[in-house]
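Contents: one structure, followed by commentary.
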Amino acid sequence: MAINKNLPDLIEIQRDSFRNFLTVGLQSEINKLAYISHNNLELFLHVQNLKFKKATLTSSNAILNSQTYSAVLYVPAVLVYKKRFKSRVENISFGNIPLMTERGTFIINGSPRVIINQIVRSPGIYYKFEFSKENHRSSVATIIPNAGVWFRIEMDKDGYIWGRFNKAKKIPIFVLLQSLGISQKKIFYSVRHPEFLVKSLEKANLSSTQDALLQLNVVLKPDKSSTLKESMNLIHTNLMNADFYDLGKIGRLKLNKKLHIKTSVDTTILRPEDILAAVNYLINLEYGIGNVDDMDDLKNKRVRSAGELLQDQFRSNIDKVKRTVQYALEKIDSVLEVNFLERVIINQVDSGHLQAFNFKPLGSSLQEFFCSSQLSQFMDETNPLSEITHKRRVSSFGPGGLSREWTGLVVREIHPSHYGRICPIDTPEGQNAGLVGSITTYARINALGFLESPFYRVKKSLGFSFQKYL
């Protein structure tokens, strides 16, 4: 079989990512605003029927007139009062959404701009060994979510196991697990080497779940007195509340694969059983079972392209807009209540009230992204090759990324996993060396955001079998 030497679509990454944002990303984010209520008044958004008004300017005219190439997003909405009275369905504007041109660029205030691909550490669980100045080894597991606090499970040189939120104080593992409702019997039954936990249990000195909650409160809030319920809410808010913690689909998949558990990918919070499985894997490392992770391997890093970066920016203003809409609902509800008592309302709610809701800050936040984010850059127009290279650039900077001042040589070095995926030569000099690179010609980004390269299996030294992306 001959190798396919035809060049792929070199800006397909940009176009596919933005197309996914328009068709899936926008709808999933606006769906968080699909139902908002206050007392007797309810606002419903028909998210599945969102539509764009045709752009008034073409991309070339936007450049000539120094304007932004964009289209207005509309979402049908209806007000319902006391479950009986409805307004007419009206389209509410969500502001201007910048559009991508056929060449994979955006026209912002007349200037072509490119959104650089960002490479970040993938959500999931990672194990490593750390060594002190005295060369004492400790094992560490880090659970990285898509949104929320990082959670670490640490085993010190003496064999005690601890849990820790970000840089907060260490929590004895038995205190944490029993606070989450796991009995000592279940803990020992679920671990392959239960004898390793005896020291940690003796140090915790617990007799019940209430003792665990009290100790948890002492560790996390030593200067404040609180009830058992408040202590329980504290731990649940950090790990098990979907509003504050999100592993994401990718984080859940990597967690399931690493810990050999079977949990639905729709479960994006951290369950007590997940922490127990992570502790079991950490103990197994002491017995030579399992492997530590290479954080610089591309299988542990994913690429966030234009569409995902814009979706994150859009998401950042959802809560603010929701509060604004709830305040408007409160004012309209008080007016309708007076009208209802005076029998002014007979058949339906005045659809004019829908104009009181301001969703335009969501569209404005995207404009802000193009003007302020370091991942949004003026396109390199030196020649066609430099333009394509710019669109396939990948950067470690940006939200959730690295800082050039604190990044060492280990992260900047060429890793074996870069072969066929990231060009080892095309990187700038100076402080950005190794932190900014280019995706290779035949590499692609899969549905989960990981870089893949085509490989051919050599068969009996006679030729090549089918192409496979790895």
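Annotations
- Taking the criterion of being under 25 Å from the mean Cα position of the chain (by Cα) and either hydrophobic (A, V, I, L, M, F, W, C) or modelled with pLDDT of 85 or more (or both), the residues of the stretch 417-435 that qualify are 417, 418, 421, 422, 435.
Table: residues versus (1) touching a helix residue (DSSP H, G or I) at 6+ places or on another chain (Cβ under 6 Å); (2) among the polar types (S, T, N, Q); (3) more than 21 Å from residue 16 (Cα to Cα).
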residue	(1), (2), (3)
62	no, no, yes
66	no, yes, yes
73	no, no, no
116	no, no, no
133	no, no, yes
139	yes, yes, yes
149	yes, no, yes
154	no, no, yes
163	yes, no, yes
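- Filtered residue count, the stretch 377-395, keeping only those that are of a type in the set (Asp, Glu) and not in a loop (DSSP other than H, G, I, E, B): 1
- No other residue among 365, 376 is surrounded by 18 or more Cβ atoms within 10 Å (Cβ to Cβ), at pLDDT 85 or above and closer than 24 Å to residue 44 by Cα apart from 365.
- Residue satisfying condition, being surrounded by 13 or more Cβ atoms within 10 Å (Cβ to Cβ), in contact with a Leu (Cβ under 6 Å, 6 or more places away or on another chain) and not in a helix (DSSP H, G or I), within set 398, 434: 398
- Checking each residue in the stretch 380-416 for being within 24 Å of the chain's Cα centre (by Cα) and among the hydroxyl-bearing types (Ser, Thr, Tyr) picks out 395, 396, 403, 407.
- Of all residues in the stretch 168-224, those being of a type outside the set (Phe, Trp, Tyr), part of a helix (DSSP H, G or I) and within 19 Å of residue 240 (Cα to Cα) number 12.
- Selection within the stretch 178-215 - among the basic types (Lys, Arg) and either free of Cβ contacts under 8 Å to residues at least 12 places away in the same chain or farther than 16 Å from residue 160 by Cα (or both): 185, 186, 192
- Selection of first residues in the stretch 22-45 that are on the phi > 0 side of the Ramachandran plot and of second residues that are surrounded by 15 or more Cβ atoms within 10 Å (Cβ to Cβ) and assigned to a helix (DSSP H, G or I), restricted to Cβ pairs under 6 Å at least 6 apart or on distinct chains, gives the following pairs, ordered by first then second residue: 39/333.
- Matching entry among 91, 61, 20 (being surrounded by fewer than 17 Cβ atoms within 10 Å (Cβ to Cβ) and not β-branched (Val, Ile, Thr)): 61
- Of all residues in the stretch 444-458, those that are within 18 Å of residue 296 (Cβ to Cβ) have Cβ atoms under 9 Å from Cβ atoms of residues that are of a type in the set (Ser, Thr, Tyr) and not in a strand (DSSP E or B), 6 or more apart or on another chain, in 449/122; 449/305; 450/122; 451/417; 451/440; 453/419; 453/440; 453/442.
- Count of the stretch 284-317 residues which are modelled with pLDDT of 90 or more and of a type in the set (Ser, Thr, Tyr): 1
- Residue that is part of a loop (DSSP other than H, G, I, E, B), touching a strand residue (DSSP E or B) at 6+ places or on another chain (Cβ under 7 Å), among the hydrophobic types (A, V, I, L, M, F, W, C) and at pLDDT below 90, where the choices are 332, 345: 345
- Unique residue being modelled with pLDDT of 85 or more and either farther than 25 Å from residue 371 by Cβ or touching a strand residue (DSSP E or B) at 6+ places or on another chain (Cβ under 6 Å) (or both) when the list is 73, 43, 64, 22: 73
- Test: residue 219 is aliphatic (A, V, I, L, M), surrounded by 13 or more Cβ atoms within 10 Å (Cβ to Cβ) and either at pLDDT below 85 or closer than 30 Å to residue 136 by Cα (or both): yes
Yes/no per residue for (1) surrounded by 16 or more Cβ atoms within 10 Å (Cβ to Cβ); (2) of a type in the set (D, E, K, R); (3) within 20 Å of residue 88 (Cα to Cα):
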position	(1), (2), (3)
26	yes, no, no
29	yes, yes, no
34	no, no, yes
46	no, no, yes
50	yes, no, yes
57	yes, no, no
65	no, no, no
72	yes, no, no
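The values are calculated or read from the model by the stated rules, or taken from the named source; none is laboratory data. Note that the coordinates shown come from a computational prediction; the quantities given were computed from them, not determined experimentally. Note: ideal-geometry Cβ built from the backbone for every residue, glycine included; neighbour counts use all protein chains shown.
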